[in-house]
Amino acid sequence: MKMKVLVLVLLVSVLTSGYGFASAEDTLPFAVKTLIKQKNAAAVEGEALKYSQAGNPFLAHLAYGEAFLIKGELDQADTSFKKALELNPIGMEGKIGLARVLAARGQAPQAMQLLQEALRTSPHPERLYYELGLIRESTGDIKGATQAFEQGLERYFSKK
Amino acid sequence: MKRALLLCGVLALVFFTSEGASALRDLQEGMEVPTFSVTDIAGKSFSYHELAGKKGSLLIFWQTTSKNSGKALQQIQESHVAWQEKGLQIVAINVEEQNISADDLKAIKAVADKLSFPVYVDRGLVVFDKLGVIALPTMILLDDKMVIHKQMSGLPLVGSQLFWEEVGYFLGEKKVAVKELYKPARAAFLSYQMGLKFEKQKNPDKAVAVYEKAAAADPAFINPVIRLVDLYLRSQRVDLVKALLAKTDKGLDDNPALLLCLAKLAYHEGDMAKAKKMIAESLAKEETPDAYIYSGFISVAAGLYPEAETAFNHAIELSHGSPEVLRMIGRFFSGKGDYAKANVYYKQALEEIFRTGGR
């Protein structure tokens with residue numbers, strides 16, 4: 001029985017990796033996030049190209065989405081994040097990207113709703129609370145942003 | 001995680017003696033330090049093994065932005081020739097940042113150029129975390145077997161003099177007077193350890209019960225007092241803090257941690273003048289993130305916002321950007337209704353968590 005389970009797990013893992021599925025844990029490394037924060041679109045695009053060449057379409061779409069977002073090319077950003085979400089429907093990164101596109105389009109309520117939905121299932125809500133806080137802050141809801149950041153920190157520290 | 005352990009060490013001030021605080025989170029005098037390696041400014045490697053077997057070694061962990069680090073390096077510089085002649089190896093390990101930038105290296109080199117003993121850089125703060133350094137500067141005197149002979153954190157006025165004297169005795173200088181090191185009563189120490197476990201399990205009521213036992217078993221043992229003060233204040237029991245501190249051993253009057261406890265009490269009682277005085281005395285003996293945080297709280301209460309910001313920045317620097325420290329400051333502003341300011345610190349805390357791999 002144990003052997004059958006092991007074989008099944010191995011099979012699923014081989015198949016999913018072969019088709020470029022990403023896990024719920026995948027996220028852009030901090031170095032790339034720093035480039036995003038610095039709004040360095042060209043460098044982020046360069047990273048996206050590297051991911052693409054390395055056979056990691058999920059991270060490539062995420063990085064392209066971020067680069068488009070920096071450049072204000074919101075439709076292309078939306079497409080890239082949707083592709084990332086298709087590759088990893090259970091992960092939060094695609095949803096965060098889409099929420100940021102919505103916020104950039106001035107659709108903050110929809111962006112927040114998307115993040116709230118993701119919060120129901122995410123094992124790592126800190127990032128989602130952080131993004132939620134940023135969007136609330138951008139709409140002028142400073143106290144609401146504080147609450148979101150506090151919830152994110154509370155969730156992180158309660159796990160430790 | 002590393003940051004959590006760091007703050008735990010900073011706040012708990014584990015193994016406090018009546019002379020000062022333990023410099024390291026998990027290591028005590030008599031214990032061997034784990035192997036480590038660092039690189040010099042140019043990137044050349046230097047390892048633990050190059051010190052093992054030598055008569056003795058003095059490690060100093062420092063940072064360019066810590067003013068007491070500069071003073072400590074200067075004091076070592078003044079004595080190092082005599083010490084080196086007696087067989088002491090001096091190794092200064094810079095713990096500037098997790099990721100060292102070109103500007104950091106420039107600043108480190110500027111300090112190193114004025115010193116005639118080697119300066120290394122702990123890239124990634126690996127050794128800093130491995131040895132559990134909890135405050136800067138930290139000095140560790142090791143024997144030939146790399147066993148800790150003496151350690152010191154911060155640069156306490158009295159403690160540092162004793163530490164330098166101890167280096168001299170270690171190298172064979174004649175001992176003028178021997179001062180017995182304080183060791184807590186066993187029962188008190190065991191209860192204290194149990195309290196730390198309960199706190200880790202997020203069971204503050206049980207922690208309080210065993211800390212109270214520890215404090216009663218040895219009134220000269222400061223550690224349980226420190227933890228009790230924080231736990232009582234968390235539940236707004238200023239009366240209990242007052243009663244506890246009134247019972248503390250008189251021999252601890254100069255202890256920086258006790259001075260900090262007294263400052264916290266004065267702050268919560270609204271006696272800002274006394275709180276300010278106690279904090280200044282505590283910081284003069286030892287710089288800790290906790291003391292700087294309270295110094296910031298007191299400055300905010302007095303409307304001195306630039307001073308508060310400076311104090312908070314010191315706390316953040318000393319703790320290497322610990323999310324716990326940033327969260328404490330954010331909570332303070334949130335509690336005051338200054339949500340914009342709270343968000344500044346909360347965002348930094350979350351970003352630090354993401355940066356160090358916590359998503």
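Filtering the stretch A:124-144 to residues that are outside any helix (DSSP H, G or I) and more than 17 Å from the chain's Cα centre (by Cα) leaves A:THR139, A:GLY140, A:ASP141. Candidates are the residues of the stretch A:94-111 that are in contact with a Gly (Cβ under 9 Å, 6 or more places away or on another chain) and in contact (Cβ under 8 Å) with a residue 24 or more places away in the chain; the one that is surrounded by the fewest Cβ atoms within 10 Å (Cβ to Cβ) is A:ALA104. Selection over the stretch B:100-126 of residues that are within 14 Å of B:VAL38 (Cα to Cα) and loosely packed, with under 14 Cβ neighbours inside 10 Å gives a count of 1.
Going by what's in this entry, would B:VAL344 be described as closer than 22 Å to A:THR34 by Cβ and either assigned by TED's automatic domain parsing to the domain that holds B:ALA273 or out of contact with any Ser or Thr (no Cβ under 6 Å at 6 or more places or on another chain) (or both)? Explain how you work it out, then say what you get.
Numbers: closer than 22 Å to A:THR34 by Cβ: yes; either assigned by TED's automatic domain parsing to the domain that holds B:ALA273 or out of contact with any Ser or Thr (no Cβ under 6 Å at 6 or more places or on another chain) (or both): yes.
For B:VAL344, the condition - closer than 22 Å to A:THR34 by Cβ and either assigned by TED's automatic domain parsing to the domain that holds B:ALA273 or out of contact with any Ser or Thr (no Cβ under 6 Å at 6 or more places or on another chain) (or both) - is met.
In the stretch B:271-317, what count of residues is obtained for those that are of a type outside the set (Gly, Ala, Ser) and over 13 Å from the mean Cα position of the chain (by Cα)?
Going residue by residue through the stretch B:271-317, those that are of a type outside the set (Gly, Ala, Ser) are B:271-272, B:274, B:276-279, B:281, B:283, B:285-290, B:292-294, B:297-298, B:300, B:304-307, B:309-310, B:312-314, B:316-317.
Still in the list and also over 13 Å from the mean Cα position of the chain (by Cα): B:271-272, B:274, B:276-279, B:281, B:293-294, B:297-298, B:300, B:304-307, B:309-310, B:312-313.
Selection size over the stretch B:271-317: 21.
Which of the residues spanning the stretch B:244-292 are charged (D, E, K, R), under 26 Å from B:ALA209 (Cβ atoms) and either touching an Asp or Glu at 6+ places or on another chain (Cβ under 6 Å) or in a helix (DSSP H, G or I) (or both)? Residues satisfying the conditions are B:LYS250, B:LYS264, B:GLU269, B:ASP290. Among the residues of the stretch A:128-144, some residue qualifies, meaning at least one is within 11 Å of another protein chain (Cβ to nearest Cβ) and β-branched (Val, Ile, Thr).
Taken together, the residues in the stretch A:50-70 that are crowded, with 24+ Cβ neighbours inside 10 Å and small (Gly, Ala, Ser) amount to 3.
Can you list the helices (runs of 4 or more DSSP H) found entirely within the stretch B:298-355 that contain at least 2 residues being in contact (Cβ under 8 Å) with a residue 60 or more places away in the chain and more than 10 Å from chain A (Cβ to nearest Cβ)? Let's see the steps before the verdict.
Values: elements: B:305-318, B:323-335, B:339-355.
Answer list for the stretch B:298-355: B:305-318.
From the list A:GLY46, A:GLY91, the lone residue that is more than 10 Å from every other protein chain (Cβ to nearest Cβ) and assigned to a loop (DSSP other than H, G, I, E, B) is A:GLY91.
Of all the criteria given as (1) at pLDDT 95 or above; (2) away from chain B (no Cβ under 14 Å); (3) under 22 Å from B:GLU351 (Cα atoms); (4) surrounded by fewer than 24 Cβ atoms within 10 Å (Cβ to Cβ), the one not satisfied by A:GLU150 is (2).
Only one of B:LEU58, B:LEU5, B:LEU27 is modelled with pLDDT under 90 and surrounded by 18 or more Cβ atoms within 10 Å (Cβ to Cβ). Can you tell me which? Quick ask: steps written out before the conclusion?
Numbers: B:LEU58 fails: modelled with pLDDT under 90; B:LEU5 fails: surrounded by 18 or more Cβ atoms within 10 Å (Cβ to Cβ).
The unique qualifying residue is B:LEU27.
Tell me yes or no: at least one residue of the stretch A:115-123 is closer than 16 Å to B:ILE353 by Cα, within 13 Å of chain B (Cβ to nearest Cβ), in contact (Cβ under 8 Å) with a residue 12 or more places away in the chain and in a helix (DSSP H, G or I).
Taking the stretch A:115-123 and keeping what is closer than 16 Å to B:ILE353 by Cα, we get A:123.
Okay, now just the ones that are also within 13 Å of chain B (Cβ to nearest Cβ), so A:123.
When the remaining residues are screened for being in contact (Cβ under 8 Å) with a residue 12 or more places away in the chain, the result is A:123.
Then drop every residue that is not in a helix (DSSP H, G or I), which leaves none.
No, the conditions are met nowhere in the stretch A:115-123.
Taken together, the residues in the stretch A:56-71 that are modelled with pLDDT of 95 or more and outside any helix (DSSP H, G or I) amount to 0. In the set (1) crowded, with 20+ Cβ neighbours inside 10 Å; (2) within 19 Å of the chain's Cα centre (by Cα); (3) farther than 18 Å from B:LYS67 by Cβ, B:ASP254 fails one condition alone, (1).
The values are calculated or read from the model by the stated rules, or taken from the named source; none is laboratory data. As the structure is a computational prediction, the values presented were derived from the model and not from experiment. Here the Cβ is made from the backbone with ideal geometry for all residues, glycine too, and neighbour counts use every protein chain on show.
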